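Report on the following structure.
Any read-out appearing in this document is the output of simple, stated calculations on the displayed coordinates, not a laboratory observation. Only a predicted model underlies this, so the values are computations on that prediction, with no experimental measurement involved. Here the Cβ is made from the backbone with ideal geometry for all residues, glycine too, and neighbour counts use every protein chain on show.
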Amino acid sequence: MNLYKIYNELSGYIRVEVSSHYPEQALNAVMDTNIEIWNIKKLSAEKLSFDIHINREKTVKSILSQITGISFTMAKRGLVRLVPLYRKRYGMIAGLIAGFILIYVSTFFVWSIDITGNVSIPDAEIKERLAASGFAEGAVIDRLNIDMVRNGFLLQNPDISFMSINMSGTVANIEIHERDMPQSGKDTKQPYNLVADYGGTVVSMEIVNGESMVKVGDVVYKGQLLVGGVVDSNVVGYRIMRAEGKVFAKTYREFTAEIPFEYMEKRYSGREKVQKQYELLGYSIGFLFPSSYDTYDVMSSHERAQIFGIELPFITHKTVYAEYEEERIILDVDGAKRRAWDEYYKWRMSVLDGAEISEERVEFEETEESIIIKCCVDAVENIAVERKFMTTKR
Amino acid sequence: MSKFSDIGHRPYICIWGNSYVIIENLKKVVLYDEEQMILQTEFYLKITGKNLRLKCLNNDNVRVDGIIKNIEFNASPVKGGTGNESL
């Protein structure tokens, strides 16, 4: 019944309103000529309306004219009623036609690519790799050889073990399985030494593999061999191995930072310029012009158009130019000291993370323009780092 | 032509619960009202109910929608309607 209604709306119909002391006679008269009528409504005791097909207008008009004591009106309904109203609006008609053509033509292209099954490789990277294999948004569907694309993709990407491409209309549903790569654990077959990363006095050693080259109490300098990866024995000769272990040493480190009382800081003015660039089926529309601001940050985002949850091949790229100004900040002595402490803690976290700090001495030196922080830290830390060494076969 | 035309001019009536009635071999609509409808076939058919309306109508078929309470068969138009039944 709904299709029937759509058909009537598209093809057009006539609504007849009949006024008479006995309006049912109009129904009977029309019915006798085998004309189908629908949507029959009794508007009042003497008024009735019904719908007929647009082609039956003249026939019904002549039938109703022959009945005495009856008055009637006929009005066109449906899409056909709109045609005379808009027939001279050529721009709108051209736009509609162009729109329909565009929609029709766009069905020949890949609108969007949906990727599922990826865990560690992001969608954008997979799309880039697919594009290298000739499969991208905007590609002509009929020209695509799905099997060739899939096989080529799998050959070029050894980290992907399985791939399926299913075209659902204009949307490509791609399922991939990532290959389980072997765990990148320590390669015990490669020869490594342990050397000192920083100078200090050795206080303890925890050696798992290799031969110790220093003993507790020794003073070592940066780069000195601590544990060797070559172990010699009287029974089997020398063996090459990966030296493993920790060498704890008492170290002495210094940190110095200068905090000026005046410095420039970035402050956003709140003024922004937005530029939009559109992408249809992989082709960009519109240009990006550089901002007229002297100092600005650029933020980019993109959004895919949707209608009723269906993704369209139309992406809006939004670029926001946010203006900022360099603001002069003036600090007092306490403020500068707070910043200096912040800098020191940042350094300590990055350099001495995990170390046992036995003593730290902090001094401030004040000049006319800045404050200087000087820190001396005594700590016990693991100074051993691995260094690979080369071997030659005789 | 109705598929039941071989049964002559006798009306073929299909009642779907109390929601609609399809009548074939219809001759005339005698009275059309939201609560009462009189249709002429070989005899007169009086349908009473609520929100009654003719859904579609052609040469000899009609469909009456609404909440149907009663269907009566009479040899002549039933009195007591709008007074137009005698027309």
Give the residue list of GluC sites (Glu not before Pro) in region A:18-95 that are DSSP loop and have at most 16 other beta-carbon atoms within 10 angstrom. A:36, A:46
Skipping prolines and chain starts, which residues have an amide H placed within reach, meaning under 5 Å, of the one on residue A:109, given they are 5 or more residues away or on another chain? A:141
Classify region A:269-394 as rounded, prolate or oblate from the Cα gyration tensor: take a ≥ b ≥ c as the square roots of its eigenvalues, call it rounded if a/c is under 1.5, otherwise prolate when a/b beats b/c and oblate if not. oblate
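If the chain between residue A:168 and residue A:265 were fully stretched, how many nm would it gain, using 0.36 nm times the residue separation less the Cα-Cα distance?
Additional length available on full extension: 29.6 nm.
Using packing as a proxy for protection, rank A:233-241, A:79-87 so that the peptide with the highest average count of other Cβ atoms within 10 Å comes first. Walk me through the intermediate numbers first.
Working: A:233-241: 9.6, A:79-87: 11.2.
Listed from highest to lowest mean packing, they are A:79-87, A:233-241.
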Checking the cross-link filter: which lysines have an alpha carbon closer than 20 Å to that of residue A:337, excluding same-chain neighbours under 8 positions apart? A:346, A:374
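Applying 1/(1 + (r/R0)^6) with R0 = 30 Å to the Cβ-Cβ distance of residue A:128 and residue A:102, what FRET efficiency is obtained, to the nearest 0.05?
On the way: r = 27 Å, r/R0 = 0.91.
So the FRET efficiency works out to roughly 0.65.
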Suppose the chain between residue A:345 and residue A:386 were pulled fully straight at 0.36 nm per residue; how much longer would it get relative to their current alpha carbon spacing? 12.0 nm
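For region A:48-127, what class follows from the C-alpha gyration tensor (a ≥ b ≥ c being the square roots of its eigenvalues): rounded when a/c is under 1.5, otherwise prolate if a/b is larger than b/c, else oblate?
Since a/c reaches 1.5 and a/b is larger than b/c, the shape of region A:48-127 is classed as prolate.
I'd like the trypsin sites (Lys or Arg not before Pro) in region A:116-167 restricted to DSSP loop residues with at most 11 other Cβ atoms within 10 Å, sorted by number. Could the numbers behind the result be given before it?
Working: sites: A:127, A:129, A:143, A:150; in loops: A:143.
Answer by residue number: A:143.
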Karplus-derived 3J(HN,Hα), 6.51/-1.76/1.60, for each residue of region B:50-55, Hz, glycine and proline x: 10, 6, 6, 7, 7, 7
Highest GNM mean-square fluctuation among A:346, A:276, A:318, for chain A with Cα springs under 10 Å, belongs to A:346
Taking the alpha-carbon centre of each part, the distance from region B:20-62 to region A:254-313 in Å is 71 Å
Report, to the nearest 10°, how far helix A:123-132 tilts away from the longest principal axis of the Cα atoms in chain A, using its own Cα long axis and a range of 0 to 90°. 80 degrees
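Using only the Cα atoms of region A:171-323, build the gyration tensor, take square roots of its eigenvalues as a ≥ b ≥ c, and label the shape rounded, prolate or oblate: rounded if a/c is under 1.5, else prolate if a/b is larger than b/c, else oblate. Present the calculation step by step, with values, prior to reporting the outcome.
Working: a/c = 5.26, a/b = 1.85, b/c = 2.84.
Verdict is oblate for region A:171-323.
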Sum of -39500 (n - 2.57) over DSSP H runs of 4+, divided by residues of chain A (222 nm, nearest 500): -7500 deg cm²/dmol
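What FRET efficiency comes out for the pair residue A:119/residue A:45, r = Cβ-Cβ distance, R0 = 60 Å, nearest 0.05? Don't jump to the answer; show the numbers that get you there.
Numbers: r = 74 Å, r/R0 = 1.24.
The value I calculate is 0.20.
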Around residue B:27, which amide H atoms from residues at least 5 apart in sequence, or from another chain, sit under 5 Å from its own amide H, with H modelled in the peptide plane? B:40, B:41
